[in-house]
Amino acid sequence: GVGKTSFSRELAKAIFCKHPGLDACDTCNNCQRIASDNFSDLFFILPEKNSRVIKIEQLKYFQDILKVKPLESKYKMIIIQSADKMNEEASNCLLKTLEEPPSYAIIILIVTSLESVRETVRSRCQIVRFSPLSVAVVKNILVNQFKLDNKQAERLAFISNGSIERATLLSGTHALEKKNWLVDRLLKLEINDNLTFSKELFNEWHIQDLDILEEKRSHVKELLFSFLMYYRDLLACKIGNDKLPIYHTDWRDALAARSRLLSEDVLFRILNTIKTSLEYLDYNANITLLLENMITKILHLQCDQRMSS
Ligand SMILES: [Zn+2]
């Protein structure tokens, strides 16, 4: 999301370019084929569609590729995306190769969190860290490369957590409209909304229509982030005396008014509830239930407080 895959591709160009200098030329046959995923000594391995993890069969394939010498250059480069998403079996398989790689192998593992890579694997890698991009950088890329208008680019950049991938994903799915709807709706949320709210949410966010679990999961993840941002804004209004920056600047007054109805303690507890749901999301098969439970909990937290005050 912050450029790891693009970086690997640029690295591949630099290695295989026919006119190597400080940088790849971007015009030679090799550079062009790398750009179009059509170079025989460069391989990408990533979770298959509808799966979150790299499977053992893919690692076996990876080992088979490596057994064959490079066809048209000195190296064979394999880029494994989401290498932190592997089960024990696949991870062992990878480790075996990392212990004794062929001399022509360049293996790149792309991970989001280093903590989820086993120490035995990690210790055999050279680690390059990528920081999230700043809001200004993401905004510029969105304006210049994706031709979004200034205001929209700024908002998307702000909610993308420094990830271009996430920002472009958001721009393509009516994300802003859905987010705006959610903020409006949350501002009007009432005690007796418990049953209707979940239904409305599933409809407005088109979660009901998705059959594929992984697609559902990624939509719900975006939804949970939106919840997080809304309640984070309430907390910022509550404790920041209007001085802390908030995500939803257009709603500042309404958010401030709403935040007066809730205590800091309740807001923290709601934020925790959302964070816990986010953590469970990757491991839970019944996403609808997870979401319903979260909403019920949030409503209870909000209402208990309002009844007692
Ligand atoms: Zn080149």
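The values are calculated or read from the model by the stated rules, or taken from the named source; none is laboratory data. All of these numbers come straight from a predicted model, not from anything done at the bench. Positions of Cβ are backbone-derived with ideal geometry, glycine not excepted, and every protein chain shown enters the neighbour counts.
Quick rundown of the values:
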quantity	calculated
Members of the range 265-288 found to be acidic (Asp, Glu) and over 17 Å from the mean Cα position of the chain (by Cα), listed by number	ASP265
Of all residues in the range 224-259 being surrounded by fewer than 14 Cβ atoms within 10 Å (Cβ to Cβ) and among the aliphatic types (A, V, I, L, M), the one that is farthest from THR296 (Cα to Cα)	LEU244
Candidate set: the range 7-38, residues that are over 18 Å from ILE107 (Cβ atoms) and small (Gly, Ala, Ser); chosen: the one nearest to the ligand (Cβ to nearest atom)	ALA24
Hey, GLU57 without any contact (Cβ under 8 Å) to a residue 40 or more places away in the chain and within 25 Å of ILE141 (Cβ to Cβ) or not	no
Enumeration of residues in the range 103-122 that are under 21 Å from ALA14 (Cβ atoms) and surrounded by 12 or more Cβ atoms within 10 Å (Cβ to Cβ)	TYR104, ALA105, ILE106, ILE107, ILE108, LEU109, ILE110
Number of positions in the range 117-150 that are within 20 Å of ILE54 (Cα to Cα) and modelled with pLDDT under 80	0
Count of the range 21-35 residues which are modelled with pLDDT under 90 and exposed (fewer than 14 other Cβ atoms within 10 Å of the Cβ)	4
The range 39-56, residues that are within 16 Å of the ligand (Cβ to nearest atom) and of a type in the set (A, V, I, L, M)	LEU42
Output for the range 41-54, where each listed residue is among the hydrophobic types (A, V, I, L, M, F, W, C) and in a loop (DSSP other than H, G, I, E, B)	LEU46, VAL53
Test: residue in the range 178-201 that is in contact with a Lys or Arg (Cβ under 7 Å, 6 or more places away or on another chain), free of Cβ contacts under 8 Å to residues at least 60 places away in the same chain and closer than 27 Å to ARG52 by Cα	no
Every residue from the range 260-287 that is at pLDDT below 85 and hydroxyl-bearing (Ser, Thr, Tyr)	TYR283
Options SER73, SER91; residue that is modelled with pLDDT of 85 or more, away from the ligand (no atom under 16 Å from the Cβ) and over 20 Å from the mean Cα position of the chain (by Cα)	SER91
Number of the condition not met by ASP64 [criteria: (1) surrounded by 13 or more Cβ atoms within 10 Å (Cβ to Cβ); (2) away from the ligand (no atom under 16 Å from the Cβ); (3) not small (Gly, Ala, Ser)]	(1)
Unmet requirement for THR97, which otherwise passes all of (1) over 30 Å from VAL68 (Cβ atoms); (2) in the same structural domain as PHE62 (by TED's automatic domain parsing)	(1)
Where a residue in the range 263-280 is in contact (Cβ under 8 Å) with a residue 40 or more places away in the chain and its partner, wherever it lies, is crowded, with 16+ Cβ neighbours inside 10 Å and β-branched (Val, Ile, Thr), with Cβ under 8 Å and at least six apart	ILE274/ILE298
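For (1) in a loop (DSSP other than H, G, I, E, B); (2) among the aromatic types (Phe, Trp, Tyr), each residue gets a yes or a no:
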site	(1), (2)
SER8	no, no
ALA12	no, no
THR27	yes, no
PHE39	yes, yes
LYS60	no, no
GLN63	no, no
ILE78	no, no
ALA90	no, no
PRO101	yes, no
